[in-house]
1. Residue by residue through region 421-452, note down the ones that are surrounded by fewer than 17 Cβ atoms within 10 Å (Cβ to Cβ), in a loop (DSSP other than H, G, I, E, B) and either touching a strand residue (DSSP E or B) at 6+ places or on another chain (Cβ under 7 Å) or touching a residue at least 40 places away in the same chain (Cβ under 8 Å) (or both).
2. Considering each residue of region 88-136, count those that are out of contact with any Asp or Glu (no Cβ under 7 Å at 6 or more places or on another chain), part of a loop (DSSP other than H, G, I, E, B) and closer than 19 Å to G197 by Cα, and give that number.
3. Being modelled with pLDDT of 80 or more, under 24 Å from the mean Cα position of the chain (by Cα), over 17 Å from L400 (Cβ atoms) and among the small types (G, A, S) is true for just one of S70, S84. Which residue is that?
4. Within region 399-408, can one find any residue that is within 24 Å of W367 (Cα to Cα), aromatic (F, W, Y), under 22 Å from the mean Cα position of the chain (by Cα) and modelled with pLDDT under 95?
5. Which one of the conditions (1) farther than 19 Å from V95 by Cβ; (2) of a type in the set (S, T, Y); (3) at pLDDT 95 or above does T186 fail to meet, given that it meets all the rest?
6. So which residues in region 387-420 are touching a Leu at 6+ places or on another chain (Cβ under 7 Å) and either outside any loop (DSSP other than H, G, I, E, B) or aromatic (F, W, Y) (or both)?
7. Residues that are under 22 Å from F433 (Cβ atoms) and in contact with a helix residue (DSSP H, G or I) (Cβ under 6 Å, 6 or more places away or on another chain): does region 82-95 have at least one?
8. Restricted to region 361-374, and to residues that are part of a loop (DSSP other than H, G, I, E, B) and of a type outside the set (A, V, I, L, M), which residue is farthest from R246 (Cα to Cα)?
Amino acid sequence: KRPGASSRISAAARQAAEQKRLQREEEERKQVQQNRAVAPTDIVSAHYNAVPERGRDWRKTESKIQGLRSLNNWIKSCMIQKFSPSDDRDYRPIVLDMGCGKGGDLQKWQSAPQTPRLYVGVDPADVSIDQARGRYIEMQRRRRGPRNAKHLEAHFFAQDAFGVSLANIPIVREVGFDPHAGPDTTGAITARFSQGGFDVVSMMFCLHYSYESEETARGMLKNVAGALKKGGRFLGVMPNSDIIRRKIEQHMKGGVKPSEPTKEDSPPAGATAGDDDWNPEQSLDPHAQNDEDDWDPEKPLEPMQAANGGNDDDDWDPEKSLQPAANGTANNDDWNPEAPIENATSGEEKPKPQAKAPALPKEPLEWGNSIYKVKFPESQPLPYDGVFRPPFGWKYYYYLEEAVDVPEFVVPWEGFRALAEEYGLELMYRKPFPEVWEDEKDDYELGPLSERMRVKDREGRFLGTKEEMEAAGFYHAFCFYK
């Protein structure tokens, strides 16, 4: 018997159900934002769990930031293909993906020059882990090619990778994990045989969450160093602290209005695309060497007048008086220590009082464009000179169209590099996203890949907008080796 008209769901009913679903998701997001007493890792997990899974078709057809999504994915593919291969053709790496999310990089690893023989994904968001497992199952079901094609074995675990040791995961222990990685109690790196068994540790768009405190930052690096074998690679992408530092300096000195979008930072001073003489320890801030207004908190705000009347004489005599003699002659060797100080000439110019420090901006720091925005909380004082002391706990809010809105933390680059060295991790590579694009877009392998991933057209033109490239410029890519 065919169902009657009353059994059919009307368009209005479907629309009402969809409206209720959207309302429920919005209430969940608001509840997450109100719950500030929860640990930062739990807050991040709750935010990501609340993000709906829209699917690949939606991202390709309905997304308003298709160009930015494509560029970000292509840069992650660049990092995987540049730093995971080995000269050994039979080499198949073992990969640990810390902060794997919904498994968005699975296909990138499957398509790498050497497909990993084992992939372990870890993320604190249990809903994201369930979606990653589902994506892996679907990827295996749709797998094409010969039967003897290399197979990617993947396992997923819902666990905090910052505050909890990854040695708690059985397969991580089976591959190899050194629970004593990092400096000992004296601060020295212990010289012992490494027990780590992973060839690559990847952290894409998640490392900055660990900088909520020194404890979580060290916990993250301890897991990275403990998992890596000697010679293994630690690669990833995260926000560029050089960009943040420059914005703070401009804001504190009144150079930029808080809500005014600013021009993106250019590549390093003197660097050109394809420049092989790049120094990984050099700051990526192009204004670092040319900013004549750098404020030094240990220097007086008014230049001190020389004791000899302005003549910068290196033959200064520490036994001579810094005050003119009573008779008006300078450098009088017959100075009488018993004479009263009031004998100085009445016409002597009194020292000028020091100038007051510039007034701090009244509005909170904020910048961005129509698709992204960075905002620092009004309750958090900003460093006047752009130097983050201490280097942990500097919260800001990052808003991106169609993405999760969650508090993030500044990762001061030089401090992070020094901390990584304490765990035996040496810097190999570091470049901002726009520079990665300029360097690799014409590569004989990565160039055609960017066309297939819809980052550029056949003429080599970037398919995204200027605002999308500006948003991408907030990030940089890095790679360390153990």
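1. Listed by number, the list holds a single entry, E445.
2. 7
3. None of the other options fit; the residue is S84.
4. yes
5. For T186, the exception is condition (3).
6. Passing the criteria: R417, L419, A420.
7. no
8. Going through the qualifying residues, I end up with S370.
The values are calculated or read from the model by the stated rules, or taken from the named source; none is laboratory data. Everything quoted here is computed from the prediction, not taken from an experiment. Positions of Cβ are backbone-derived with ideal geometry, glycine not excepted, and every protein chain shown enters the neighbour counts.
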